[in-house]
Amino acid sequence: MNSTYKNPLLKSMKIGFVGAGHMTQALIKGMIQSKSVRADQIIVSNRTPGKLIKLSETYGVQTRDYNEQVVEECDVVVLAMKPQDMPGAIESIAGAFTEHQIIISLAAGIPFSTLTRQISDGRLVRLMPNTPSIIGRGVLGFMSQKPDDYVTATVEDLFSSLGVVMQVDTEEKFDALMISCSSGTGFVFELMMYWQDWIEEHGFSEEWARKMTVETFLGASLLAAESEGIEIEELQSRVSSKKGVTAAGLQSMREMEIERAVRFCFEKAAMRSKEISNGSK
């Protein structure tokens, strides 16, 4: 953790969350554990009180009964509701935002063009974390509607404890990052399920099959991460010998056009993102 911050005002800012779901909880946990902000700087509202009570008891954050209170009290407001709930939730608070606030939307598929129709004041940011952010190994992509150093520094200071923070300059790149890293986590879990099932079918217990699967994916990822300057294709070639066991399996994957299947699932996710975007217009 860095002991100095790019935004010297961060320690005096109030950070608000409208919505208290799993991602809000992960973000708050990361912020507090990294000491990027104090618990008393965070204010949260939610439609139902149960999650607010849990957050208050676990982390000591402040809670409010109404979304308007969060907007009125905070310098940074994170809109952490589901995409389908976003228009209705914003409608009741849109007039409370000010031009100096940083407003961060976590809603997938809701572009700036839609957000600006409801929010006329404030510095708008789209942020997309993925679930490994919960353990500080996330990829968090963000994009500012009107980039400036103050907004960039604030976002990076707030979220860098949760993983790699990447700023992009177009919504096309933002959507690609969202699909490959956020949705992509789900795609990887799908593959891991197939892995585990096959191992169990060959006599291993569920516990050992899960452990073998997790360690294989984790080991491959860490090896790639620690092999700077070496292409993934080269790392693969080091596992595979000509006419060997690995080569036979890889040949089968290629004959079944696994690459095409993976690309297709990415494109289907991209289409769904566009549908959400069009539906919000």
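If the only charges are +1 at each Lys and Arg Cβ and -1 at each Asp and Glu Cβ, what is the size of the charge dipole of the stretch 10-169 around the Cα centre, to the nearest 20 debye?
Numbers: 15 positive and 16 negative charges, 112 e Å.
Dipole of the stretch 10-169, to the nearest 20 debye: 540 debye.
Helix 245-255 sits at what angle to the longest principal axis of the chain, using alpha carbons and giving 0 to 90 degrees rounded to 10?
Roughly 60 degrees between the two axes.
About the Cα centre of the chain, what is the dipole size in debye to 20, counting +1 per Lys and Arg Cβ and -1 per Asp and Glu Cβ, all else neutral?
Values: 29 positive and 36 negative charges, 44 e Å.
Using Cβ point charges on Lys, Arg, Asp and Glu, the chain gives about 200 debye.
Mind listing which GluC sites (Glu not before Pro) in the stretch 205-234 are in a DSSP loop and have 12 or fewer other Cβ atoms within 10 Å? Don't skip to the answer; put the middle values down first.
Values: sites: Glu206, Glu207, Glu215, Glu226, Glu228, Glu231, Glu233, Glu234; in loops: Glu226, Glu228, Glu231.
Those that pass, being in a loop and sparsely packed, are Glu226, Glu228, Glu231.
Which net charge results for the neighbourhood of Met253, defined as the other residues with beta-carbon distances under 13 angstrom from its beta-carbon, given Lys and Arg at +1 and Asp and Glu at -1?
Combined, the nearby Lys, Arg, Asp and Glu give -1.
For the chain, with a Gaussian network of springs between Cα atoms less than 10 Å apart, report the residue from Lys211, Lys51, Lys29 with the top mean-square fluctuation.
Lys211
Taking a label point 7 Å from the Cα of Leu9 along the Cα→Cβ vector, which residues of the stretch 128-166 have an amide N closer than 18 Å to it?
Only 144-159 fall inside the zone, counting backbone N under 18 Å.
Starting from the exponent 0.38 and prefactor 2.2 Å, build the expected Rg for the stretch 10-169 from its residue count and divide its actual Cα Rg by it. Let's see the in-between values first.
Working: Rg = 14.1 Å, N = 160, 2.2 N^0.38 = 15.1 Å.
Normalised Cα radius of gyration, the stretch 10-169: 0.93.
Considering amide H positions built from the backbone, and no H for Pro or chain starts, which residues 5 or more places from Ser105, or on another chain, come under 5 Å of its amide H?
Leu79, Val125, Arg126, Leu127
Give the order of His100, His202 when sorted by the count of other beta carbons within 10 angstrom, beginning with the fewest. Mind showing how you got there, number by number?
Values: His100 10, His202 7.
Exposure proxy ranking, most exposed first: His202, His100.
Within a Cβ distance under 13 Å of Met128, other residues only, what is the Lys/Arg minus Asp/Glu net charge? Walk me through the intermediate numbers first.
On the way: positive: Arg126, Lys173; negative: Glu171, Asp175.
Spelling it out: positives minus negatives among the neighbours equals 0.
Convert each backbone phi in the stretch 33-45 into a coupling constant with the Karplus relation 6.51 cos²θ - 1.76 cosθ + 1.60 (shift: θ = phi - 60°), then list the ³J(HN,Hα) values in order as whole Hz, x for Gly and Pro.
Values, residue by residue: 5, 7, 6, 5, 9, 8, 4, 6, 8, 9, 10, 10, 10 Hz.
So, R0 is 45 Å and r is the distance between the beta-carbons of Gln236 and Asn278; what FRET efficiency does that work out to, to 0.05?
Numbers: r = 39 Å, r/R0 = 0.86.
Using R0 = 45 Å, I get an efficiency of 0.70.
Lys/Arg Cβ at +1, Asp/Glu Cβ at -1, dipole of the stretch 110-243 taken about the Cα centre: which of Gly184, Ser161, Val239 is farthest positive-ward?
Gly184
How high is the FRET efficiency from Asp85 to Lys146, r the C-beta distance, R0 22 Å, rounded to 0.05?
Working: r = 26 Å, r/R0 = 1.17.
That gives a FRET efficiency of 0.30.
Of Trp198, Asn130, Phe174, which is farthest on the positive side of the dipole of the chain, counting Cα position, with +1 on Lys and Arg Cβ, -1 on Asp and Glu Cβ, and the Cα centre as origin?
Asn130
What whole-number volume per residue, in cubic angstrom, does the convex hull of the C-alpha atoms of the chain give?
Numbers: hull volume 44.5 nm³, N = 281.
Each residue corresponds to 158 Å³ of Cα convex hull volume.
Once you have the Cα-Cα distance between Arg38 and Glu267, take 0.36 nm times their residue separation minus that, and quote the gain in nm to one decimal. Show your work: numbers first, answer last.
Details: separation 229, 0.36 × 229 = 82.44 nm, distance 4.06 nm.
Taking 0.36 nm per residue and subtracting the Cα distance, the gain is 78.4 nm.
Assuming 0.36 nm per residue, please report the length gained on full extension of the stretch Leu191 to Ala247 beyond their Cα-Cα distance.
Working: separation 56, 0.36 × 56 = 20.16 nm, distance 1.93 nm.
Contour length minus the Cα-Cα distance gives 18.2 nm.
Can you pull out the GluC sites (Glu not before Pro) in the stretch 71-166 that DSSP calls coil and that have at most 16 other Cβ atoms within 10 Å?
Within the stretch 71-166, the qualifying GluC sites (Glu not before Pro) (loop, at most 16 other Cβ atoms within 10 Å) are Glu99.
Quick note: the coordinates plus some simple rules give every number you see, no bench work behind them. Note that the structure is a prediction, hence the values are computed from the model and not measured. Positions of Cβ are generated from backbone atoms using ideal geometry, with glycine treated the same way; all protein chains shown enter the neighbour counts.
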